[in-house]
Amino acid sequence: MTELEREKHIRYFGSNLRMLPTDYTETETNRMTLAFFCLSSLELLGALDKEISEQNRLDWIEWIYAQQIRLDSKGLNREHCGFRGSSYSGRAFEPNASETEYIPYDSSHIASTYTALLNLLLLGDDLSRVDRDGIIGTIKSLQQKDGSLEQDARFLYCACAVSYILDDWRGLDIDLSTYEHTFAQSPNNEAHGGSTFCGVGALTLMGKQTEGLINKEKLIKWCLNQQTTGFAGRPNKDADACYCFWIGAALEMVGAYHLVNQENCREFLLACQTKIGGFGKTPGTYPDVMHSYMSLAALSLMNYPGIGKLEVAINTPKRSIEKRKMEGEKTM
């Protein structure tokens, strides 16, 4: 395929948003994130407002808030506040609860909290029911002495993104540079494209890119060296659609995306499209919502016609953030 199959992609994401195929059953705990891929994709395609009804929008906002774990009167949820990935815990549906009863093993996850907040913004919510103090307190409890969250760059990035969305920063730190002058999942490990996005994104959101990037030129060189047609996640691997965004976005944030061979990357991504809509990780593979969203996000970096702009550092359609800023100005 040499052109973007826009209408097929809209049908693909709309279908998955309403009912996921059975193959996704094992990812039930990540339903919040799967919804983010679908909502964001429809927004990038300019079809979100048209594709979902007002009742669906309101119902989904209520479902998201029902996954929130808030502070309880005894303080037992102090380290568990935020959003679950789905309703797998079997709790009562209480989207307007003022506190959440503590139940062992029923906890939020920082990645689900990140995508829940983005979903709420995409759906036009004002975040008024978010337990901000509870979430920030939980982030503080998760951060380790070396500044990381579970020694994983992805979770540290999510914590930075959540803090950025809530406009509440309380001392997050980062030290994850590798011998290759880019970023790994944890200190002194091999560099990785996804971790590089997380590291550069976290520093960008904190306004610490200048201090945090030890050698910007070598980071750019490493990123560019991962491109063949599309981008691979690390050396000696095949190109994969999702890394066209992860690495492309890192280059965009450091002002070097113009060095990418955009024609090769675009041709690779368009070849990853499938007959039923969506994108596979490589040409000829089945689609999934993660690689499909990342492919659209990568095309957005290239200003592909008909695809909306991204707020790159936070990895969400720019329009959802702009709507939030406008609502905030109205309440001032």
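The values are calculated or read from the model by the stated rules, or taken from the named source; none is laboratory data. Here the structure is a predicted model, which means the values were calculated and not measured. Please note: Cβ atoms are built from the backbone with ideal geometry, for glycine as well, and neighbour counts cover all protein chains shown. Heavy atoms of the whole protein, side chains included, go into the accessibility calculation; ligands, DNA and RNA do not. Shrake-Rupley method; radii C 1.70, N 1.55, O 1.52, S 1.80 Å.
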Take PRO235 and decide whether it is more than 26 Å from TYR164 (Cα to Cα), touching a residue at least 12 places away in the same chain (Cβ under 8 Å) and open to solvent by 20 Å² or more (accessible area, probe 1.4 Å). no
Go through region 292-308 and give me each residue that's of a type outside the set (Ser, Thr, Tyr), buried (at least 16 other Cβ atoms within 10 Å of the Cβ) and out of contact with any Asp or Glu (no Cβ under 8 Å at 6 or more places or on another chain). MET294, LEU296, ALA297, ALA298, LEU299, MET302, ILE307
Quick check: is even one residue across region 50-68 of a type in the set (Asp, Glu), within 24 Å of PRO283 (Cα to Cα) and assigned to a helix (DSSP H, G or I)? no
For region 264-288, name all the residues that are touching a Cys at 6+ places or on another chain (Cβ under 8 Å), within 24 Å of THR25 (Cα to Cα) and surrounded by 24 or more Cβ atoms within 10 Å (Cβ to Cβ). PHE279
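Per-residue answers, yes or no, for (1) β-branched (Val, Ile, Thr); (2) at pLDDT 90 or above; (3) surrounded by fewer than 23 Cβ atoms within 10 Å (Cβ to Cβ):
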{"residue": "SER108", "(1), (2), (3)": "no, yes, no"}
{"residue": "LEU123", "(1), (2), (3)": "no, yes, yes"}
{"residue": "LEU142", "(1), (2), (3)": "no, no, yes"}
{"residue": "ALA153", "(1), (2), (3)": "no, no, no"}
{"residue": "LEU156", "(1), (2), (3)": "no, no, no"}
{"residue": "CYS160", "(1), (2), (3)": "no, yes, no"}
{"residue": "ASP173", "(1), (2), (3)": "no, no, yes"}
Might you let me know whether region 37-47 holds any residue that is part of a helix (DSSP H, G or I) and either open to solvent by 50 Å² or more (accessible area, probe 1.4 Å) or more than 16 Å from THR316 (Cβ to Cβ) (or both)? no
Hey, any hits in region 80-87 for a residue that's of a type in the set (Phe, Trp, Tyr), crowded, with 21+ Cβ neighbours inside 10 Å and closer than 22 Å to LEU310 by Cα? no
Across region 1-29, the tally of residues that are under 17 Å from the mean Cα position of the chain (by Cα) and either at pLDDT 95 or above or farther than 21 Å from SER108 by Cα (or both) stands at 2
